[in-house]
1. Go through (1) surrounded by fewer than 19 Cβ atoms within 10 Å (Cβ to Cβ); (2) closer than 19 Å to A:Leu102 by Cβ one by one and return the number of the condition B:Glu63 breaks.
2. So, in segment B:5-52, how many residues would count as being modelled with pLDDT under 95 and touching a Pro at 6+ places or on another chain (Cβ under 8 Å)?
3. Exactly one of (1) in contact with a helix residue (DSSP H, G or I) (Cβ under 7 Å, 6 or more places away or on another chain); (2) within 21 Å of B:Tyr89 (Cβ to Cβ) is unmet by A:Met15. Its number?
4. Taking segment A:10-32 only, how many residues are closer than 23 Å to B:Phe102 by Cβ and modelled with pLDDT under 95?
5. Being surrounded by 21 or more Cβ atoms within 10 Å (Cβ to Cβ), hydroxyl-bearing (Ser, Thr, Tyr) and at the interface with chain B (Cβ under 9 Å from one of its Cβ atoms) is the filter here; which residues of segment A:76-106 pass it?
6. Output the number of residues of segment A:9-56 satisfying the condition of being surrounded by fewer than 18 Cβ atoms within 10 Å (Cβ to Cβ), in contact with a Leu (Cβ under 9 Å, 6 or more places away or on another chain) and farther than 17 Å from A:Glu72 by Cα.
7. What do you reckon, is B:Ser111 within 26 Å of A:Thr5 (Cα to Cα) and surrounded by fewer than 19 Cβ atoms within 10 Å (Cβ to Cβ)?
8. Here are some residues: B:Gly69, B:Gly57, B:Gly41. Which one is without any contact (Cβ under 8 Å) to a residue 24 or more places away in the chain and surrounded by 12 or more Cβ atoms within 10 Å (Cβ to Cβ)?
Amino acid sequence: DMKVTQMPRYLIKRMGENVLLECGQDMSHETMYWYRQDPGLGLQLIYISYDVDSNSEGDIPKGYRVSRKKREHFSLILDSAKTNQTSVYFCASSSGDRQNTLYFGAGTRLSVL
Amino acid sequence: GNSVTQMQGQVTLSEEEFLFINCTYSTTGYPTLFWYVQYPGEGPQLLLKVTTANNKGSSRGFEATYDKGTTSFHLQKASVQESDSAVYYCVLGDQGGRALIFGTGTTVSVSP
């Protein structure tokens with residue numbers, strides 16, 4: 001079954017706390033992505049990973065870092081979260097060619113108070 | 001730079017009405033264009049894909065056509081149902097880019 005799983009689905013943190021969002025996929029896709037979704041802005045690319053330990057900044061990487069130690073797993077880390085990082089975060093994967101289909105997880109709704 | 005623009009933020013329809021969503025894009029070369037759909041509580045999923053080879057695509061009753069001359073890409077459906085209520089994203093895939101570029105989305109609300 002082709003699936004991207006995100007954990008947790010909902011998270012509330014206080015400003016300054018560290019946040020770990022996790023994503024897994026069962027399709028052996030090389031490429032994985034983190035996006036954030038905000039009203040009126042659509043989906044903005046935070047980071048892209050082309051394979052294990054091969055990560056590249058997206059359009060809005062400031063305040064975020066990522067880790068990919070296994071092909072099936074991609075983490076997004078917020079060190080000292082800020083209130084403007086309140087958003088819905090989506091992980092996606094694809095088989096490498098940019099023209100191929102992106103498979104998205106169901107998202108993590110993060111609130112930073 | 002590469003970009004897509006969706007001017008319609010919200011579209012409200014009754015069942016069986018005609019849906020039309022327009023999108024314009026900016027890029028060099030001959031891109032592949034996509035429409036993704038996001039239902040409430042879910043992540044986006046591919047609705048359909050159109051390449052320069054065919055200029056048209058269809059899926060689940062939706063049709064998309066792209067016009068290289070006007071750099072526009074529209075999505076239409078002849079008769080919508082309440083289950084078509086969702087956010088629709090116009091998406092640009094481009095040889096020179098790193099990843100797909102999403103428009104800001106059009107929220108379609110269909111009432112019974």
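1. Of (1) surrounded by fewer than 19 Cβ atoms within 10 Å (Cβ to Cβ); (2) closer than 19 Å to A:Leu102 by Cβ, only one is false for B:Glu63: (2).
2. Qualifying residue count, segment B:5-52: 2.
3. A:Met15 satisfies all of (1) in contact with a helix residue (DSSP H, G or I) (Cβ under 7 Å, 6 or more places away or on another chain); (2) within 21 Å of B:Tyr89 (Cβ to Cβ) except (2).
4. 5
5. A:Ser94, A:Tyr103
6. Residues of segment A:9-56 surrounded by fewer than 18 Cβ atoms within 10 Å (Cβ to Cβ): A:9-18, A:20, A:22, A:26-28, A:30, A:38-41, A:44, A:50-54, A:56.
Adding the requirement that they be in contact with a Leu (Cβ under 9 Å, 6 or more places away or on another chain) leaves A:10-15, A:17-18, A:20, A:22.
Subset that is farther than 17 Å from A:Glu72 by Cα: A:10-15, A:17-18.
Total satisfying the criteria: 8.
7. No; evaluated as a whole, the condition is false for this residue.
8. Going through B:Gly69, B:Gly57, B:Gly41 in turn, just one is without any contact (Cβ under 8 Å) to a residue 24 or more places away in the chain and surrounded by 12 or more Cβ atoms within 10 Å (Cβ to Cβ): B:Gly57.
The values are calculated or read from the model by the stated rules, or taken from the named source; none is laboratory data. As the structure is a computational prediction, the values presented were derived from the model and not from experiment. Glycine also receives a Cβ, built like all others from the backbone with ideal geometry; neighbour counts cover every protein chain displayed.
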